[in-house]
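Dropping a structure here in structure tokens format, bear with me for questions.
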Amino acid sequence: MSTRNKIILAVLAPAGITIAAALGWIGYQASLPAQDMSAFKFQCYEESHLAEAGRNEEYPGMVWVPGGTFTMGAEGTYFEEGPAHEESVAGFWMARHEVTNAEFAEFVEDTGYKTLAERGIENPNGPPLPGSAVFTPHVSNEQINPFASWWSFMEGASWLEPKGPGSDIEGLENHPVVHIAFEDAQAYAQWKGHALPTEAQFEFAAQSSQMRSEDGTYLSNTWQGLFPLQHYPMDGFIGTAPVECFGANKYGLYDLIGNVWEWTQSPYFLNHSFPDQEKYPQGYDPNQPGEPVAVIKGGSYLCAPNYCMRYRPEARQAQSKGLGTSHIGFRTTINP
Ligand SMILES: [Ca+2]
């Protein structure tokens, strides 16, 4: 056994994963074909693509989602998704793709807006602290549980420096903007004269979105391999992907599943039947009581079958409104 695999076993065992499972995983790794990234040919978002798709002149880049009644939520996977229940939404316009860095830059250029990560997030021990949460997996023999330590607050990280000071967004113009706090997403939406989707709107729109087709084709940007230790980018991407690389769903919407989580305007509650919701206009998450929390939807490039099967329309997660991360973005809607 290689030294590397011994190290992996050493850190997996305290995390409660059996040696047999770890050995099975190592065998699985060995059976994977080498990835030839040139085999991935994506038709990702380009201006010409948008012009060709056209859709409508009134609201460029938006598609109409006819309203309807659907089963919202799911039973049997994660508690917060239940109970499944009937919900209705009126028709609305929704952005075809997540807001890109180029689109967010237009907003900043026009308004001079500074995101919360740039201004500084609330810091109980002193003045506001500029920065954001960056995915930084690290595995070492010293760590008791590597599965609890893959996020770091990185001073200076923002949408312009997504991996921290010194990084930039050159070449990422058509990638979704990240490190966006709730108020940043709202400010952009207001500037556009749009809104953030409600959780019900997002879930309704995403009903026909899939992580992977029945024949195994990847239809979204998620994580393949044993999160967070190993990543085989069989969908073609590590980290964010340019928007519109994968097929659209039946409404013509891209990346509702995967790529980045997306803010909704809905306050988060533990599940759909949480009582007395009106008492908590800022939402309530028992893991962070008192913290204003909104629902994020769709999962991200970090969602993997072994850890976070949240690449499904019903999936939902609480996110502190005052903190962006390197895997949360957003898109907007228009309610006629
Ligand atoms: Ca998404």
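The values are calculated or read from the model by the stated rules, or taken from the named source; none is laboratory data. Keep in mind the model is a prediction, meaning the values are calculated, not measured. Backbone-built Cβ (ideal geometry, glycine too); neighbour counts: all protein chains shown.
Go through the residues of segment 132-155 one by one and say whether even a single one is in a loop (DSSP other than H, G, I, E, B), of a type outside the set (A, V, I, L, M, F, W, C) and either at pLDDT 95 or above or more than 24 Å from PRO228 (Cα to Cα) (or both). Walk me through how you get there before you give the answer.
Initial filter on segment 132-155 (in a loop (DSSP other than H, G, I, E, B)): 136-145, 149-150.
Narrowing the set further to residues that are of a type outside the set (A, V, I, L, M, F, W, C) leaves 136-138, 140-143, 145, 149.
In the following step, the residues that additionally are either at pLDDT 95 or above or more than 24 Å from PRO228 (Cα to Cα) (or both) were identified as none.
Checked segment 132-155: no residue is in a loop (DSSP other than H, G, I, E, B), of a type outside the set (A, V, I, L, M, F, W, C) and either at pLDDT 95 or above or more than 24 Å from PRO228 (Cα to Cα) (or both).
Looking at segment 41-81 only, could you name the residues that are at pLDDT below 55 and assigned to a loop (DSSP other than H, G, I, E, B)? Even if it seems obvious, please write down each step before you answer.
Start the filter on segment 41-81 by keeping residues that are at pLDDT below 55, which leaves 48, 50-54.
Listed by number, the list holds a single entry, GLY54.
Look at segment 312-336 and say how many of its residues are within 11 Å of the ligand (Cβ to nearest atom), out of contact with any Pro (no Cβ under 6 Å at 6 or more places or on another chain) and outside any loop (DSSP other than H, G, I, E, B).
Qualifying residue count for the region: 1.
Within segment 252-280, which residues are of a type in the set (Phe, Trp, Tyr), away from the ligand (no atom under 11 Å from the Cβ) and either farther than 21 Å from GLN207 by Cα or in contact with a helix residue (DSSP H, G or I) (Cβ under 6 Å, 6 or more places away or on another chain) (or both)?
In the first step, residues of segment 252-280 are kept if they are of a type in the set (Phe, Trp, Tyr); the result is 254, 261, 263, 268-269, 274, 280.
Checking the rest, the ones that are also away from the ligand (no atom under 11 Å from the Cβ) come to 268-269, 274, 280.
Within segment 252-280, PHE269, PHE274, TYR280 meet the criteria.
Inside segment 282-311, can you point out the residues that are within 12 Å of the ligand (Cβ to nearest atom) and at negative phi? Spell out how you get there, then give the answer.
Here is the first cut: in segment 282-311, the residues within 12 Å of the ligand (Cβ to nearest atom) are 296-303, 310-311.
Within segment 282-311, ILE296, LYS297, SER300, TYR301, LEU302, CYS303, ARG310, TYR311 meet the criteria.
Applying the selection to segment 240-251, what residues are of a type in the set (Ser, Thr, Tyr) and more than 13 Å from the ligand (Cβ to nearest atom)? Write out each step before concluding.
Applying the first criterion (of a type in the set (Ser, Thr, Tyr)) to segment 240-251 yields 240, 251.
Correct list: TYR251 only.
Still on this model: Take the residues of segment 181-213 that are over 16 Å from the mean Cα position of the chain (by Cα) and part of a loop (DSSP other than H, G, I, E, B): which is surrounded by the most Cβ atoms within 10 Å (Cβ to Cβ)?
Within segment 181-213, the match that is surrounded by the most Cβ atoms within 10 Å (Cβ to Cβ) is HIS194.
Conditions tested, residue by residue: (1) outside any strand (DSSP E or B); (2) at pLDDT 85 or above; (3) closer than 28 Å to GLU170 by Cα.
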{"site": "ASP215", "(1), (2), (3)": "yes, yes, no"}
{"site": "PHE227", "(1), (2), (3)": "yes, no, yes"}
{"site": "ILE238", "(1), (2), (3)": "yes, yes, yes"}
{"site": "PRO242", "(1), (2), (3)": "yes, yes, yes"}
{"site": "CYS245", "(1), (2), (3)": "yes, yes, yes"}
{"site": "LEU253", "(1), (2), (3)": "yes, yes, yes"}
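Now, a different point. Working only within segment 280-303, note down all residues that are free of Cβ contacts under 8 Å to residues at least 24 places away in the same chain and surrounded by 14 or more Cβ atoms within 10 Å (Cβ to Cβ).
Our first condition is that a residue be free of Cβ contacts under 8 Å to residues at least 24 places away in the same chain; within segment 280-303, this holds for 280-281, 284, 286, 289-290.
TYR280, TYR284 - these are the residues of segment 280-303 that are free of Cβ contacts under 8 Å to residues at least 24 places away in the same chain and surrounded by 14 or more Cβ atoms within 10 Å (Cβ to Cβ).
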